[in-house]
Structures are given as C-alpha cells and as structure tokens.
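One structure below.
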Amino acid sequence: MTDRPRLLIEDWLPVRELGIESRRERAAASALPPLSFLHIWWARRPLVASAGVVLAGLLPAWSAELAAAMPDIEPLQSEQAYHAWLLRLIGIWGDPISARAAIDRANAEDRKLKGNGYGYKQAFRNSPGRADLDLLHAVLRHTWEGDLPLVADPTAGGGSIPFTAARLGIPVHANDLNSVAAAILRAGVEIPARYGRDLLPRLEKWGKILIGRIQDRLRPYFPLEQGENVIAYIWAHTVPCPRSGRTVPLVTDWWLRKESGREVAVRLVTKVSGTELREPRFDILRGAELSRYDLTPTMSRGSAVSPYDHLAIEGSYIKAEAQAKRMGQLLYAVAIRRRDGTRDFRTPTQRDIDAIDAASKELDRMRADVSIQVPADGGVVPMPWALRV
C-alpha cells in the first residue's frame, strides 16, 4: 500500500461515550470483572477505551466511496450509521450520555431509577456478534488491501490493547520489558486466544483446586461468624494523639449506609464504665440510636481532632507521623452478607483482631523467606518470547 487511508480516529472518536463507559467499567463489581481487575497494574486501561482506540485507529473514516464499495451493507451507507456501528462493536448498546444525565437528575432528586439506568450492561461485557465481526474484517481487508492489519504493542503493560484486539479477531503482537507484564500477557491474552473454549474444562478443574488450596491457607486469617460471608473489612488510618499518645482513628465519615430507613453508622467509644480506653472501640448504630450520639468525624481537610481531649491535631503532625512510619491501621467495621442475601455491618470481634495479628506475623515470616534474584548489573531480566495472536 503506497497511500495510507484516512482513519476514523482522525475525524471522529466518541470521547464522551468512552469516558462514561470507562467509569462504569472501573466501578464493576462481579464474579466476571474486566481484565484490569484480575491483577494489579499501574496503567490499567479500560477495555472499552482500548477497543475504541484500536477500532478507530484501524477503520477508515466514512466516505461515499466506502459505501459504494460495499453496497446494501446498512452500517456503511451513512456516516451516522457507521458511527453507530462502531459503538455497537465496542459494546455500547445504548445512549450512555442521555442515561448518565438521567441518573444525575435522579440522584439530585433522591430518586432511584429502574435497573442500572442505562438499559444495557457495561460495554466491556458486550461482545459483538458474528455478523458484525465478519463485516469488521471485510471492511479492514478492503481498506488495507487484502490482509487484516496487525496491531503492535511493544509496551503492552496490563494487556488491555492486545486483549481487545484478540477479542475482535485482529492479529496482534505485544510484549513488555517487565516480566510480570509479559507473564500476564501470555496467561491472560495469548493462551485464551489460542485455545478458546477448549480451555474451559481445564480452567474449571484447576481453578477449583487452586481456590480450595487458597481457602484452606487463608481460612485461619478470615474468621466468619455463623451464617455470614464477609464482603469487606473497613479500616481507618491512625496516629497517636500528640498529647496523650492514645490511638486516634482518622475517619472523615462515620456513616456506613445512608439509605432511607436502613441507615447504619459507627459510634466511636473512648470510655467504658468510666474508664478511659487506650485504644477506641466501636459500636454499630441503627434507627433511633443514630440521633442520640455525636457522629462528627475525626478528620477533615487534612487535619484531625482528638476524640479524647477534643483538641486539634495539625495536618503537619499527621504527615510527619506517616513519614516516620508511625501511622497505623485500625479495623472499625466489617461489611457482611447474611444467609438470606441481605447486606449488613457488624463490629470487629476478638476473633477478627486475633486473626489480624496472626496474619501480620505470618506475613513478616514470609517476607523474611523471600529472596529476589536481580542481575548483577541491575538490568532487566530478558523475556525469551513475545505474544503473537
């Protein structure tokens, strides 16, 4: 090809739609999370944004010539239809801009919309159908004179771009100097793309084995009360009170749930039966209890107030404690799901505290056993392969 075609991204990119859907993706919480939730990475790209950039960077800008070259193909017969088709390929199966505006209005009016307010699942969950993929490949072959274009990502990081390209059936080469990223690319992109659904029985078998081993290993550190599953442990940073040395939790909001009729908050307790506590305790408050106690937070805008003498703790002191590694953590509530599926909160028990202490000791022991081999010259450990899908 002597002349590169004008690309869609040079004329149009659905930035607002991609922005809204990227935020929806980042807020996803389910058993089937986006790729970025499967591992910790410092530059995790939302799949929907990656798909938008990959497609708009490969597809030609709409033109009458494109429509004439593929007559009777409805998505190609007008610029508006072409753009709508791109959104469908990405997984945006509705109008996120109007939906977001409706959700904002409902929130401002304290109303709750039916469903998720969008009328369709998050874009990363929506895979294009076979007909759309076949049309995509036909347009790409026409544009690039016979062959599907190759997506190259030599610094792929967490792998969102190669994952998206492989998902769309587009050839992709990717790699990264970081060995963790390279391993993620092989396990999360190359192997699934190569073997597809044939992997499912093996994944289910070995996944259950792995989960069983992990559960057995971690069970002593995550005790459960009867009839509950833990959703989350809710922690606060702490610093010593500069005057008494007693533990001060740095909390900006004691409310756990503000839903009308189901309000839940935490009460900070500093004295029991007239005896001052060295470290605070916590009570869960509901209903009429909420109006009987002060729920003023201990921290606001970088500064704090000691719950013991009610005097200010300057932000500069808090920063200095953190820099000196004297800032601690304190568990003050546990979010749980009961057997009937309802969500609730409880205060930490002595079993929780003992498990935390045991986990800290085990972590220290394991850290002492870990040794990392680094090249003598301080260079990067070379990776002997690159992803090719």
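Only the coordinates and a few stated rules stand behind these numbers; no lab work does. Since this is a predicted model, take the numbers as computed values, not measurements. Counting neighbours? That spans all protein chains shown, and the Cβs are built from the backbone with ideal geometry, glycine included.
Assorted remarks:
- Taken about its Cα centre, the chain carries a charge dipole of roughly 1320 debye when the Cβ of each Lys and Arg holds +1 and the Cβ of each Asp and Glu holds -1.
- Protection proxy ranking, peptides 48-54, 120-126, average beta carbon neighbours within 10 Å, highest first: 48-54, 120-126
- Dipole magnitude of segment 154-215 about its Cα centre (Cβ charges: Lys, Arg +1; Asp, Glu -1), debye to nearest 20: 280
- Where only alpha carbons of segment 123-280 are counted, the Rg and the Dmax (Å): 26.2, 84
- Summed residue charge, Cβ within 13 Å of Asp283's Cβ, Lys/Arg positive, Asp/Glu negative: +4
- Extension gain (nm, one decimal) between Leu133 and Asn116, 0.36 nm per residue minus Cα-Cα: 3.4 nm
- Selected from Ala335, Thr275, Leu285, residue furthest toward positive end of dipole (the chain; charges at beta carbon): Thr275
- DSSP beta bridges confined to the chain are antiparallel in about 90 percent of cases.
- Theoretical ellipticity at 222 nm over the chain - DSSP helices of four or more residues, -39500 (n - 2.57) apiece, nearest 500: -11000 deg cm²/dmol
- Descending semi-axes in whole angstrom, ellipsoid equivalent of segment 227-367, from the Cα gyration tensor: 26, 22, 14
- Each label point was placed 7 Å from the Cα along the Cα-to-Cβ direction; for Trp235 and Arg219 their separation is 2.5 nm.
- In plain terms, the chain from Ala324 to Glu65 could stretch by 86.6 nm, reckoned as 0.36 nm per residue minus the Cα-Cα distance.
- Rg to Rh quotient for the chain, alpha carbon positions, Kirkwood Rh: 1.05
- Angle between the chain longest axis and helix 200-218 axis [Cα atoms, degrees, rounded to 10]: 20
- C-alpha long axis of helix 47-58 to longest principal axis of the chain, angle in °: 20
- For segment 57-114, with +1 on Lys and Arg beta carbons and -1 on Asp and Glu, the positive-most of Gln80, Ile92, Ala64 along the dipole: Ile92
- Share of alpha-carbon pairs per 10 Å distance bin for segment 126-207, given as whole %: 17, 39, 34, 9, 1
- Across segment 329-344, computed HN-Hα scalar couplings (Karplus, 6.51 cos²θ - 1.76 cosθ + 1.60, θ = phi - 60°) run 9, 9, 7, 10, 6, 10, 8, 10, 10, 7, 4, 7, x, 6, 9, 8 Hz from first to last residue, x flagging Gly and Pro.
- Here is the P(r) of segment 8-202: all C-alpha pair distances, binned every 5 Å from 0, give 1, 7, 14, 18, 19, 16, 12, 8, 4, 1, 0, 0 in whole percents.
- Lys/Arg +1, Asp/Glu -1 at C-beta; segment 8-202 dipole; positive extreme among Tyr118, Gly52, Ile9: Tyr118
- Relative to the longest principal axis of the Cα atoms of the chain, the long axis of helix 96-108 lies at roughly 20 degrees.
- Approximate spin-label separation Arg88-Lys208, in nm, with each point projected 7 Å along Cα-to-Cβ: 4.0
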